[in-house]
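Take a look at the structure set out below.
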Amino acid sequence: MKTAPANNSFNKSKVDAALTKNGNNLFILQQRRVHFKLSTRPDRQQELLKKKYSPINNPDAIGFKNDKQKVAKTQAQVEDEAQENEFQKPTSVLYRKDKLNLHWNKITSIGAGLRNLGNTCFLNSVLQCLTYTPPLTNILLASEHGRKCKTQQFCMMCEMENHVAMALGSGKSSVVPRSIASRIKNIAKHMRIGRQEDAHEFLRFVIEGLQNSVLRGYEKLDNRIKETNMIYQIFGGYLQSQVKCLECKYNSNTYDPCLDLSLDFKGCDSVKRALELFVKPELLSKGNKYKCERCKKLTNAQKQITIYQAPMVLTIQLKRFDFARSFYGGGKIGKFVSFDEVLNLSPYMTKSQQETPIYHLYAVLVHSGSSCNSGHYYCFVKNSNGIWYEMNDSSVSQVSLKTVLRQQAYLLFYVRDPSSIKKHSKVNTCFTVIEYSKYRGGGVFFIYI
Ligand SMILES: [Zn+2]
Ligand SMILES: [Zn+2]
């Protein structure tokens, strides 16, 4: 028998969490010093398991690379750092992500166009993009919410259920989204019909309204649990913001919920390049130094934002409207920015996540005109039959993918390829194997669940 070495910076909270999940509460409750048996030669059974399951505590991700650094930190420091830098998982889940169907439940012909009620093209375009969002519309068409909803007040979910049923099931060439348009003040207090509004802002309010509907009765829960509501599970993800002190090398991580990526594209002509700039490390120095908790002073630091948890539906806003500055002539950057039908987010992910999320384009919202308060919005959507259509108010016409990819996009909507979802995020509760191995870098714990 051998005691686990004290200098080991294995991630205690992850180990505890994994063991708790597996029902082995005894391990944690008794708070006993744990003895690990040193494996003398590779165990065939374990080798087979390793091929089947992935380690949840990747040694590279928890700082085994730099030996000097490891020696410089005390065990307590390492544990503190791991704790405060870790993503706090929700303690319970309101809607399981694996219940979402990212494909269409049913293939139908294209739905109706939406009549313009006077400057309502921003509203029509957003509603059309949402209507062709498979995981959302599958749920709306099944009336999962409406069947149980008892509220007498305005309910965005009930409104969307009715809208989608009308747009996809009426058999008409165009319908009037009167109910939603007449309740615009319930969706966004400051918006009004007859005035051109920003489509992205309207989209944000609709998504917020949908979340409020499904969270009715759960208002008192903590935010991390609230962020497991059905709507957030479709559109939401998390960004990691990491600040690294360049003197003591201390990393400070924060995690922010995110419902879309707003990309700057000054100086670049593609979404890929804009994403590269989005995750590019930024040096905090001179007048913008970082207050390091370890050094207890202002130091030079490096800040980097990466995608920590990729969403099921990715919404990208190209920041065409510069509200703060007017020197772009009317406040809009009108240049063409190229985008692809297939998008791989892995180069922009937090390294430790080891995810390769692949997405397929399904809707593009376009603005033509010189500022967000004028001009015209229309959109392109991919129907459940795989054919692309231009939805321009009441007009619906079939287009080629080539036409879609030529557009001066304002919003891009991508749905994740289900085959690119990390399999071992599903916890298998059958067994846990703890191995303390000399063979893999020495003194590294591998836990397989
Ligand atoms: Zn409702
Ligand atoms: Zn420092």
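The values are calculated or read from the model by the stated rules, or taken from the named source; none is laboratory data. Bear in mind that the values here come from a model prediction, so they are computed numbers and not experimental data. Neighbour counts are summed over all protein chains in view; Cβ atoms, including those assigned to glycine, are modelled from backbone coordinates with ideal geometry. Just so you know, the surface numbers come from the protein's heavy atoms only, side chains and all, with ligands and any DNA or RNA stripped out. Shrake-Rupley method; radii C 1.70, N 1.55, O 1.52, S 1.80 Å.
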Contacts under 6 angstrom Cβ, first residue in the stretch 136-147 being over 14 Å from Glu159 (Cβ atoms), partner surrounded by fewer than 20 Cβ atoms within 10 Å (Cβ to Cβ), 6 or more apart: Asn138/Asn101; Asn138/Asn105
Test result for Tyr348, farther than 28 Å from Asn138 by Cα, at pLDDT 90 or above, in the same structural domain as Leu411 (by TED's automatic domain parsing) and among the aromatic types (Phe, Trp, Tyr): yes
Any hit, the stretch 176-183, residues being in contact with a strand residue (DSSP E or B) (Cβ under 6 Å, 6 or more places away or on another chain), touching a residue at least 12 places away in the same chain (Cβ under 8 Å), in a helix (DSSP H, G or I) and open to solvent by less than 10 Å² (accessible area, probe 1.4 Å): no
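Among the residues of the stretch 139-175, what is the count of those that are within 12 Å of ligand 1 (Cβ to nearest atom) and not in a helix (DSSP H, G or I)?
Taking the stretch 139-175 first, the residues within 12 Å of ligand 1 (Cβ to nearest atom) are 140, 143-162.
Among the residues that remain, those that are also not in a helix (DSSP H, G or I) are: 143-155.
Going through the stretch 139-175 one residue at a time, the tally reaches 13.
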Verdict on Val313 being closer than 30 Å to Ile110 by Cβ, in the same structural domain as Asp198 (by TED's automatic domain parsing) and surrounded by 15 or more Cβ atoms within 10 Å (Cβ to Cβ): yes
The one condition in (1) at pLDDT below 95; (2) away from ligand 1 (no atom under 16 Å from the Cβ); (3) open to solvent by 30 Å² or more (accessible area, probe 1.4 Å) that Trp104 fails to fulfil: (1)
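Yes or no, residue by residue, for (1) hydrophobic (A, V, I, L, M, F, W, C); (2) in contact (Cβ under 8 Å) with a residue 60 or more places away in the chain; (3) open to solvent by 20 Å² or more (accessible area, probe 1.4 Å):
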position	(1), (2), (3)
Asp198	no, yes, no
Leu203	yes, yes, no
Val206	yes, yes, no
Val214	yes, yes, yes
Tyr218	no, yes, yes
Tyr238	no, yes, no
Gln242	no, yes, yes
Thr254	no, no, yes
Asp264	no, no, yes
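Going through the stretch 275-302 one residue at a time, which ones are closer than 30 Å to Asn229 by Cβ and open to solvent by 10 Å² or more (accessible area, probe 1.4 Å)?
We begin by selecting, within the stretch 275-302, every residue closer than 30 Å to Asn229 by Cβ; these are 275, 278-279.
Matches in the stretch 275-302: Phe278, Val279.
Might you let me know whether the stretch 223-233 holds any residue that is over 22 Å from Asp256 (Cβ atoms) and open to solvent by less than 20 Å² (accessible area, probe 1.4 Å)?
Initially, the stretch 223-233 is screened for residues over 22 Å from Asp256 (Cβ atoms), giving none.
For the stretch 223-233, residues over 22 Å from Asp256 (Cβ atoms) and open to solvent by less than 20 Å² (accessible area, probe 1.4 Å): absent.
Taking Tyr436, is it open to solvent by less than 40 Å² (accessible area, probe 1.4 Å) and at pLDDT below 50? Reasoning before the result, please.
Details: open to solvent by less than 40 Å² (accessible area, probe 1.4 Å): yes; at pLDDT below 50: yes.
Judged against the criteria, Tyr436 is a match.
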Count of residues meeting criterion [at pLDDT below 95, open to solvent by less than 10 Å² (accessible area, probe 1.4 Å) and either out of contact with any helix residue (DSSP H, G or I) (no Cβ under 6 Å at 6 or more places or on another chain) or assigned to a loop (DSSP other than H, G, I, E, B) (or both)] in the stretch 107-122: 2
Among (1) closer than 30 Å to Phe87 by Cα; (2) in contact with a Phe, Trp or Tyr (Cβ under 8 Å, 6 or more places away or on another chain); (3) at pLDDT below 95, the one test that Cys372 misses: (1)
Residue satisfying all of: in the stretch 357-403; outside any strand (DSSP E or B), free of Cβ contacts under 8 Å to residues at least 40 places away in the same chain and not polar (S, T, N, Q); surrounded by the most Cβ atoms within 10 Å (Cβ to Cβ) among these: Gly369
Complete set of residues in the stretch 184-196 that are modelled with pLDDT of 90 or more and open to solvent by 80 Å² or more (accessible area, probe 1.4 Å): Lys185, Asn186
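Checking the conditions here, which among Ser92, Ser125 is within 28 Å of Arg216 (Cβ to Cβ) and surrounded by fewer than 17 Cβ atoms within 10 Å (Cβ to Cβ)?
Details: Ser125 fails: surrounded by fewer than 17 Cβ atoms within 10 Å (Cβ to Cβ).
Result: Ser92 is the single residue among Ser92, Ser125 that is within 28 Å of Arg216 (Cβ to Cβ) and surrounded by fewer than 17 Cβ atoms within 10 Å (Cβ to Cβ).
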